[in-house]
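Asker: Input: one structure, supplied below.
Read-outs: derived from the displayed coordinates by stated rules, not from any lab. Bear in mind the structure is a predicted one, so any value in this text is a computation, not a measurement. Cβ placement follows ideal geometry from the backbone for every residue including glycine, while neighbour counts extend to all protein chains displayed.
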Amino acid sequence: MSEAINIGTIDDIDEGEARVIPAEENGTDQDIAVFHAEDGNFYALDDTCTHETASLADGWIEGTEVECPVHSAKFCLKSGTALCMPATIAARTHKVEVSGQDVLLYPAVSVVDA
Amino acid sequence: MSTTEHCPSEANAAIGKMRGPEHGPKNIDVSALVDTEGGLIDRSIYTDPGIYDQEMRRIFARSWLFLAHTSQFKKPGDFFTTFMGQDPVIVTMDKTKTIRAYLNSCRHRGVRLCRADAGATKMFTCTYHGWSFDLAGALKTVPNEKAYPEDFDKKDWSLIEVPRLSEYKGLLFANWDKDAEDLEDTLGDMRYYMDAMLDRDPEGTEVMGGVMKWELEGNWKLAAEQFATDWYHVNMSHASALMVMSPTGKGPKTEIVATPGRQYVSPNGHGAGFPTHPKSRFDAQAVHEHYDYEALRERLGDAAVEGPMTTGHATVFPSFSYLPVNGSIRIWHPKGPNKIEVWAWILVDKSMPDDVKDAQRLYNLRTFGPSGIFEADDGENWSEIQAISDGFITNSVPLNFQMGIGSEKEDGVYPGQTSELYSDAAGRSFYKHWSKLMNTPAWHEHPAPAPAGE
């Protein structure tokens, strides 16, 4: 169980936007994207699309889904599930908690198995 | 807001061992088709497919062409797709907020890369195989890249960038010739006439709403030339529209029909005509009342307010035209020798209150929108010329451009050479410049180097 990283306050990431926490800061081997979804909640996935090299944080957030900016694959922000072609592999999820005003990221703590 | 005065990326990247055809296309000597001294034009310049193809190579591939208005690009990723001649281009704002333009064709199999008219994006991804390019035109993603040979380098397959992109007071122009004369020098004295529309407001101008697009039968030059030089048609072609616009019950007015005015004749093929009689103004009332004419006289000078700011017409060679009072800017996209696609924007001063902008918009639509009462008259004329010009005998009878021969002079009031309002002078100059370019090899015609080993 990795420790939580305080990545800032809830006002630091606008709704519909995302921020990348680089691998060297999150302690895993992958950059992690933290999304402020349109349901008001925060979610985190590996930033790199499972299809080709692209940053999901640069993608389009719609509801609780993110669309890859390059080839339009869609992922569920809650479960990481690949929702459409050309992606077939789920994106790895990471737990996010909001504590007061702070957004806490738990790198490598899967939401799916929790 | 900045523009690429010079292309930051290597446009026209190496194409490996490929060379073009051994012999370039055959060029037509147009000197026997355009007699600007005598004021005669051979009709084949409007109909001949060979001449049209040569125009693509020697006019559109080397002239400053209007792309868009800077107000269409507010944040990185905003894009607009248009044409330079018949070449499709994407105009977009990159991450450094520089406006750049790229050939809208995937470097892989050539599909049109961006199919939307306008919008916002992070990447331009081809819908065929998924090659994906960033806002700087760099190829970022190639699906199944591992199957390409070792010497495959994505850097060699960036989008083809238009090497020159330049702004004049909100108007974006681009040129495929990297060594072209600067836009401002090409415009020359034309800038004074353009300023009467672009520089009325210290805040500048912006476009309203989307782009209106419509198709016409007709050669692109018929429209471009008319906007450069032709006030002559107004009293005949627009008689009914002028009656509609006249104050109710006042009847026809001699001062409108016989208005004095001047016509600017640019050596680079531009032209602008304008009445200089204050009664010749046909503004939207709300716009007229909005203007502080004393302040405008201080800002632009008396002559600009009394002349080019009035109900004028103008063309920037080759295919950009505008009407200051109607707030209409437009490009005549050539679509073959017989067809024009008109793309028209509504231009307003930025600091106009919203109700004044709306009055300008409605006035634009009523007069020179796609179904405007003046626009319809003009389109009908051009289409009627084109509809019959495939006749062999018809096409062998030259057209007359003799009005005002020898009338061009420096009048001490308006910059450059001007003629009378009723004159073909700017038309003759338009065709003189056209034929000079048509008979001069362009930048892309230098012989290709022979491949190594030969």
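Asker: Percentage of Cα-Cα pair distances in region B:333-415 greater than 17 Å, rounded to whole percent?
Answerer: When all Cα pairs of region B:333-415 are counted, 70 percent exceed 17 Å.
Asker: Still on this structure, I have one more. Dipole size in debye (nearest 20) for region B:157-258 around its Cα centre, Lys and Arg Cβ +1, Asp and Glu Cβ -1?
Answerer: On the way: 9 positive and 19 negative charges, 133 e Å.
It comes to approximately 640 debye.
Asker: Kindly express, to the nearest 10 degrees and within the range 0 to 90, the angle between helix B:375-388's C-alpha long axis and the longest C-alpha principal axis of chain B.
Answerer: Rounded to the nearest ten degrees, it is 70.
Asker: Tell me which of A:Ala82, A:Asn41, A:Gly59 sits at the most positive position along the dipole axis of region A:5-106, charges placed on C-beta atoms (Lys, Arg +1; Asp, Glu -1).
Answerer: Comparing the listed Cα positions along the dipole, A:Ala82 ranks first.
Asker: Dividing the Cα radius of gyration by the Kirkwood radius, what Rg/Rh value follows for the protein assembly as shown?
Answerer: Working: Rg = 28.2 Å, Rh = 26.7 Å.
Checking Rg against Rh, the ratio lands at 1.06.
Asker: Would you grab the residues whose amide H sits under 5 Å from the one on B:Val89? Only those 5+ places off in sequence or on another chain, please, with H modelled 1.01 Å from N.
Answerer: B:Thr82, B:Phe83, B:Met84, B:Asn104
Asker: Assign one of three labels to region B:225-326, namely rounded, prolate or oblate, based on the Cα gyration tensor with a ≥ b ≥ c the square roots of its eigenvalues; rounded applies when a/c is under 1.5, prolate when it is not and a/b is larger than b/c, and oblate otherwise. Intermediate results must be reported in sequence, preceding the final value.
Answerer: Numbers: a/c = 1.89, a/b = 1.13, b/c = 1.67.
Oblate, since a/c reaches 1.5 and b/c is not below a/b.
Asker: By the scheme Lys and Arg +1, Asp and Glu -1, what is the net charge of all other residues having a beta-carbon under 15 Å from that of B:Glu420? Each step should come with its number before you reach the end.
Answerer: Numbers: positive: B:Arg262, B:Lys409, B:Arg428; negative: B:Asp230, B:Glu408, B:Glu410, B:Asp411, B:Asp424.
After counting each charged neighbour, the total is -2.
Asker: Next question, about the same structure. How high is the relative contact order of chain B, given as a whole-number percent (alpha carbon pairs under 8 Å, six or more residues apart)?
Answerer: Details: 926 pairs, mean separation 96.1, N = 454.
Normalised by residue count, the contact order of chain B is 21 percent.
Asker: List the lysines whose alpha-carbon lies under 18 Å from that of B:Lys140, not counting same-chain residues fewer than 8 positions away?
Answerer: B:Lys95, B:Lys122, B:Lys154, B:Lys155
Asker: Right, another one. Shape of region B:304-364 from its Cα gyration tensor (a ≥ b ≥ c, root eigenvalues): rounded if a/c is under 1.5, otherwise prolate when a/b > b/c, or oblate? Don't skip to the end; give the middle numbers.
Answerer: Details: a/c = 3.11, a/b = 1.66, b/c = 1.87.
Oblate, since a/c reaches 1.5 and b/c is not below a/b.
Asker: To make sure I understand, if each residue's beta carbon is the centre and we count other beta carbons within 10 Å, what order do B:Thr98, A:Thr53 fall in, fewest to most?
Answerer: Numbers: B:Thr98 19, A:Thr53 12.
Lowest count first: A:Thr53, B:Thr98.
Asker: Going by how many other beta carbons lie within 10 Å of each one, how would you line up A:Thr64, B:Thr70, fewest first? Before the final figure, lay out each step's value.
Answerer: Details: A:Thr64 16, B:Thr70 20.
In order of increasing Cβ crowding within 10 Å: A:Thr64, B:Thr70.
Asker: Taking neighbour counts of Cβ atoms within 10 Å as a proxy for exposure, in what order, fewest first, do A:Ile32, A:Ile5, B:Ile346, A:Ile89 appear?
Answerer: The order, fewest Cβ neighbours first, is A:Ile89, A:Ile5, B:Ile346, A:Ile32.
Asker: Rg and Dmax of chain A, using alpha carbons, in Å: what are they?
Answerer: 12.7, 38
Asker: Let me ask you something else. Convert 4 °C to kelvin, take the viscosity as 1.567 mPa s, use the Kirkwood radius over C-alpha pairs of region B:44-186 as Rh, and evaluate the Stokes-Einstein diffusion coefficient in µm²/s, rounded to a whole number. Working shown, then result.
Answerer: Details: Rh = 16.3 Å.
Answer, rounded: 80 µm²/s.
Asker: Taking the Cα centre of region B:65-179 as the origin, how large is its charge dipole in debye, to the nearest 20, when only Lys and Arg (+1) and Asp and Glu (-1) carry charge on their Cβ atoms?
Answerer: The calculation lands at about 400 debye.
Asker: Further question on the same structure: How big is the Rg/Rh ratio for chain B, C-alpha atoms only, Rh by Kirkwood, two decimals? Don't jump to the answer; show the numbers that get you there.
Answerer: On the way: Rg = 23.0 Å, Rh = 23.3 Å.
Checking Rg against Rh, the ratio lands at 0.99.
Asker: Dipole of region B:184-438, Cα-centred, from +1 at each Lys and Arg C-beta and -1 at each Asp and Glu C-beta, to the nearest 20 debye?
Answerer: In debye, rounded to 20, region B:184-438 gives about 500.
Asker: Sticking with this structure for a sec: Beyond 18 Å, what percent of the Cα pairs of region B:280-396 remain?
Answerer: Working: 3990 of 6786 pairs.
Result: 59 percent of Cα pairs exceed 18 Å.
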